[in-house]
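Asker: Before we start, here is the structure in question, set down as structure tokens.
We did not get these values from a lab; they are worked out from the coordinates using the rules stated. Every value quoted in this text rests on a predicted model; they were computed, and no experiment measured them. Glycine also receives a Cβ, built like all others from the backbone with ideal geometry; neighbour counts cover every protein chain displayed.
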């Protein structure tokens with residue numbers, strides 16, 4: 001629900017994470033991953049890799065011809081009775097949806113899960129126009145009830161435990177709720193059924209748009225998406241322009257990849273294919289369908305050869321599930337609607353590096369996300385590219401010390417290009433470390449190195465390998481040092497001989 | 001024909017784990033490889049590149065090329081991340097068609113990570129080591145995901161006499177080091193590291209082995225801080241352990 005957040009302070013956010021979060025997150029992601037692995041193995045690991053490549057190629061092909069496919073889509077949606085609206089910005093998208101609602105005197109909206117509407121902050125906007133908005137996806141319903149925001153792309157309430165949800169239902173809905181998933185969802189469903197029937201408008205996002213037939217595809221497990229699309233008289237879908245795919249063959253590939261990679265399902269419980277409106281108002285279903293195509297910075301991302309692959313994303317959430325960082329911090333610390341590795345690359349491109357410049361650094365570059373991505377987004381490459389932009393743009397992306405850091409790095413880089421300076425530096429560190437040395441460890445170092453030693457000691461600096469090497473190959477390699485040493489030795493021998501001679505004489 | 005290896009020390013190896021480098025020489029020589037150490041080597045420049053300062057990686061890269069470019073034989077390092085950086089990124093740092101670009105391609109193509117060199121070039125899985133301890137193995141991200149070395153390090157460990165290899169929970173999960181990540185976000189790095197330490201402690205192993213000095217530094221320090229009774233060793237250090245007579249009466253390896 002955050003429309004336009006201020007600067008995102010990832011590090012600061014990670015410093016006050018509620019203690020229950022990592023455990024709650026890990027138990028959910030572990031389950032997702034185990035199911036996903038089983039599904040991939042069943043499909044056949046080798047075939048799966050081929051399918052990922054096909055998925056990647058067809059998504060990239062579509063992005064490279066986005067203008068053509070969007071025009072085909074528009075024509076086909078309109079000939080099926082839908083209306084297509086283009087929104088360049090988040091504000092334009094909000095205005096379009098609000099105006100539709102106001103024109104139709106909408107009082108109550110039911111919503112299916114949608115990242116795009118989170119991105120544009122739609123709920124808040126509609127609510128301030130006096131329209132009530134109810135999230136009907138179970139996770140979103142819980143999050144809305146808690147006044148919270150989603151923390152995972154496919155599991156919005158994944159940061160909450162069953163016990164937390166039961167307590168929330170008791171406090172906000174006044175029902176005695178046991179901490180049991182089955183019963184909690186039954187309580188929510190009973191509440192929601194009535195709301196679907198009285199709502200004036202349904203809103204959803206969209207998983208895919210099939211250009212060839214103008215079909216909107218919703219992939220859900222609760223059936224709430226289908227209810228939002230068909231029960232109220234007006235239906236609006238807000239979908240990012242990158243969600244388009246060419247045809248039904250492409251859809252078959254995507255529907256094989258998405259559910260397996262997200263939750264290990266061969267197919268979700270509901271896959272709704274929405275192809276226009278009902279011609280006769282006597283039939284059930286919406287009589288007015290608006291497709292709002294959202295740009296909001298996406299066409300800008302398309303311009304860059306590497307960065308554009310961010311838009312291949314089909315929002316399966318697997319990169320969050322496997323990410324060691326996400327698993328220990330949860331989704332909220334990423335400061336906006338997208339979290340985990342995809343958030344770390346998408347948010348800075350949608351909000352700008354001035355606001356989200358810390359996010360591309362929030363990765364160990366372990367690469368697990370690249371390997372699990374169903375459409376092979378080169379996430380590490382994109383992170384590196386954004387890191388470079390963040391530091392080069394001098395926006396203070398990673399804090400006020402950025403200029404100092406850059407100058408320091410440039411000086412160090414030059415020193416590392418000189419074997420002599422490197423050698424001196426290594427020797428100097430060996431001496432400088434002495435006051436901090438405890439049994440071969442450096443347990444406490446002054447800032448900024450305490451950022452390392454606060455968590456674990458640093459092993460002592462040692463530079464004895466080259467000495468060992470020279471000693472062992474003594475004679476074969478005569479450096480100035482060995483030469484100097486042999487001169488000293490010779491002088492020493494001469495002095496002893498002289499002393500001996502002198503003693504003998506006296 | 002004698003196989004020759006140019007030792008690519010790496011800055012972490014040289015400044016924190018000289019013992020690993022000495023053992024690398026010992027293992028390679030035991031396998032009949034002739035070792036050389038190009039004088040004047042420094043750091044490959046990876047820390048800059050990965051921190052978004054890609055321009056700063058160029059001077060160290062150029063220096064690396066000066067040091068290793070004119071050598072012969074293989075170039076071998078005890079670290080997959082440094083080798084990965086040289087092999088995958090160096091050519092992109094110099095304009096195509098420039099002499100440096102060509103030279104770096106030549107040198108990078110004969111640069112190997114130690115485990116990779118042993119198992120793929122020398123095709124060795126047994127080096128005649130003896131280490132009668134319970135050992136668990138932490139997979140480093142670069143070794144696994146950049147080089148696809150999932151089983152090879154374990155094969156080498158299984159080839160060590162007396163060694164018992166026990167599984168590590170989430171062995172393929174990052175240890176939280178991540179280079180500059182560990183100092184930009186120390187709190188998160190710590191949390192990831194502590195989970196790894198916990199898993200190592202629970203494995204029941206006496207020794208945890210990693211084949212990467214970066215991970216080793218993080219895990220080694222973490223174990224020390226937690227006062228866990230587990231030793232951290234580089235794979236090379238285990239492979240360098242020789243039979244010192246303990247084998248007698250044990251009926252061989």
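Asker: So for the pair residue A:49, residue A:410, with labels modelled 7 Å out along Cα→Cβ, what separation do we get in nm?
Answerer: According to this spin-label approximation, the distance is 4.4 nm.
Asker: How tilted is helix B:213-226 with respect to the longest principal axis of chain B? Cα atoms for both, answer in degrees (0 to 90, nearest 10).
Answerer: Orientation of helix B:213-226: about 40 degrees from the principal axis.
Asker: OK, next. As a check on your grasp of the helix formula, calculate [θ] at 222 nm for chain A: sum -39500 (n - 2.57) over DSSP H runs of n ≥ 4, divide by the residue count, round to the nearest 500.
Answerer: Details: 24 runs with 269 residues, N = 506.
Computed ellipticity for chain A at 222 nm equals -16000 deg cm²/dmol.
Asker: In bins 5 Å wide, starting from 0, what share of all Cα pairs of segment A:146-221 does each bin hold, as a percent?
Answerer: 3, 12, 16, 20, 20, 14, 7, 4, 3, 1
Asker: Right, next: State, as an integer percentage, the relative contact order of chain B based on alpha-carbon contacts under 8 Å between residues 6 or more apart.
Answerer: So the answer I get is 19 percent.
Asker: Moving to a separate point now. What is the mean number of Cβ atoms from other protein chains located within 10 Å of the Cβ atom of each residue in peptide B:136-148, rounded to a whole number? Walk me through the numbers on the way to the answer.
Answerer: On the way: counts 0, 0, 0, 0, 1, 6, 3, 0, 4, 7, 2, 0, 0.
Whole-number average of other-chain Cβ neighbours for B:136-148 is 2.
Asker: Still on this model: Cut-off 16 Å, label point 7 angstrom out along Cα-to-Cβ of residue A:212: give me the residues of segment A:223-266 whose amide nitrogen falls inside.
Answerer: Within reach of a label on residue A:212, which here means backbone N under 16 Å from a point 7 Å along Cα→Cβ, segment A:223-266 contributes A:244-256.
Asker: Let me ask another. Need one number: nm distance between label points at residue A:424 and residue A:171, each 7 Å from Cα along Cα→Cβ, rounded to one decimal.
Answerer: Spacing of the two 7 Å Cα→Cβ label points: 6.2 nm.
Asker: Along each of the three principal axes of the Cα atoms of segment B:1-136, give the extent in whole Å, ordering the values from largest to smallest.
Answerer: 49, 35, 24
Asker: While we're looking at this one, here's another question. For A:365-374, what's the mean count of beta carbons from other chains sitting within 10 Å of each residue's beta carbon? Present the calculation step by step, with values, prior to reporting the outcome.
Answerer: Values: counts 11, 14, 6, 6, 0, 1, 3, 0, 0, 0.
If you average over the peptide's residues, the count of other-chain Cβ atoms is 4.
Asker: What is the angle, in °, between the Cα long axis of helix B:80-93 and the longest principal axis of the Cα atoms in chain B? Nearest 10 is fine, range 0 to 90.
Answerer: The angle comes out at about 10 degrees.
Asker: Calculate how many DSSP beta bridges within the protein assembly as shown are antiparallel, expressed in % of all such bridges and rounded to the nearest 5. Provide the component values of the computation, followed by the final result.
Answerer: On the way: 11 of 57 bridges.
Roughly 20 percent of the beta bridges in the protein assembly as shown run antiparallel, per DSSP.
Asker: A further question on this structure: Work out, step by step, the length gained on full extension between residue A:269 and residue A:164: first 0.36 nm times the residue separation, then minus their alpha carbon distance; give nm to one decimal. Please report the intermediate quantities before stating the final value.
Answerer: Working: separation 105, 0.36 × 105 = 37.80 nm, distance 2.61 nm.
Additional length available on full extension: 35.2 nm.
Asker: Modelling each spin label as a point 7 Å along the Cα-to-Cβ direction, I'd like the residue A:505/residue B:109 distance in nm, to one decimal.
Answerer: A separation of 6.9 nm, rounded to one decimal place.
Asker: Over all alpha-carbon pairs of segment A:298-349, lay out the pair-distance distribution in 5 Å bins, whole %, shortest bin first.
Answerer: Spelled out per bin, shortest first, that is 4, 21, 30, 22, 14, 7, 2.
Asker: Would you mind giving the mean number of other chain beta-carbons within 10 Å of the Cβ of each residue in B:3-15, as a whole number?
Answerer: Across the residues of B:3-15, the mean count of other-chain Cβ atoms within 10 Å is 2.
Asker: In what order do A:258, B:144, B:31 fall by count of nearby beta-carbon atoms within 10 Å, going from fewest to most? Could you put the intermediate results ahead of the total?
Answerer: Working: A:258 26, B:144 21, B:31 16.
With the sparsest Cβ surroundings first, the list reads B:31, B:144, A:258.
Asker: A follow-up question, please. Evaluate the Debye formula for segment A:65-301 with equal point scatterers sitting on the alpha carbons, no solvent, and hand back log10 of I(q)/I(0) at q = 0.08, 0.11, 0.17 Å⁻¹, in q order, two decimals.
Answerer: For the requested q values the scattering log ratios are -0.29, -0.56, -1.33.
Asker: Further question: In square nanometres and to one decimal, what's the mean projected area of the convex hull around the Cα atoms of segment A:402-459?
Answerer: Seen from a random direction, the Cα hull of segment A:402-459 projects 4.6 nm² on average.
Asker: Could you work out how far the C-alpha centroid of segment A:135-167 sits from that of segment B:98-161, in angstrom?
Answerer: Cα centroid to Cα centroid, the span is 45 Å.
Asker: Please report the antiparallel percentage of the DSSP beta bridges confined to segment A:112-254, to the nearest 5.
Answerer: Numbers: 3 of 9 bridges.
If I count the DSSP bridges inside segment A:112-254, around 35 percent turn out antiparallel.
Asker: Test of understanding: express the Cα radius of gyration of segment A:407-504 as a ratio to 2.2 N^0.38 Å, with N the residue count. Numbers along the way, then the final one.
Answerer: Working: Rg = 20.2 Å, N = 98, 2.2 N^0.38 = 12.6 Å.
Computed over Cα atoms of segment A:407-504, the ratio equals 1.61.
Asker: Going by Cα centres, segment B:58-79 and segment A:75-133 are how many Å apart?
Answerer: Using only Cα atoms to place each centre, the spacing works out to 58 Å.
Asker: Only helical DSSP H runs with n ≥ 4 go in: add -39500 (n - 2.57) per run for chain B, normalise by residue count and round the 222 nm mean residue ellipticity to 500 deg cm²/dmol. Mind dumping the intermediate values first?
Answerer: Numbers: 11 runs with 107 residues, N = 253.
Helix-only estimate at 222 nm: -12500 deg cm²/dmol.
Asker: For the protein assembly as shown, what is the convex hull volume of its Cα atoms per residue in Å³?
Answerer: Working: hull volume 149.0 nm³, N = 759.
Measuring per residue, one finds 196 Å³ for the Cα hull of the protein assembly as shown.
Asker: Here is a further query. In degrees from 0 to 90, rounded to the nearest 10, what is the angle of the helix A:90-103 Cα long axis to the longest principal axis of chain A?
Answerer: 20 degrees
Asker: Sort A:159, B:234, A:170 so that the residue with the fewest other Cβ atoms within 10 Å of its own Cβ comes first and the one with the most comes last.
Answerer: Values: A:159 23, B:234 26, A:170 12.
Ascending number of Cβ neighbours within 10 Å: A:170, A:159, B:234.
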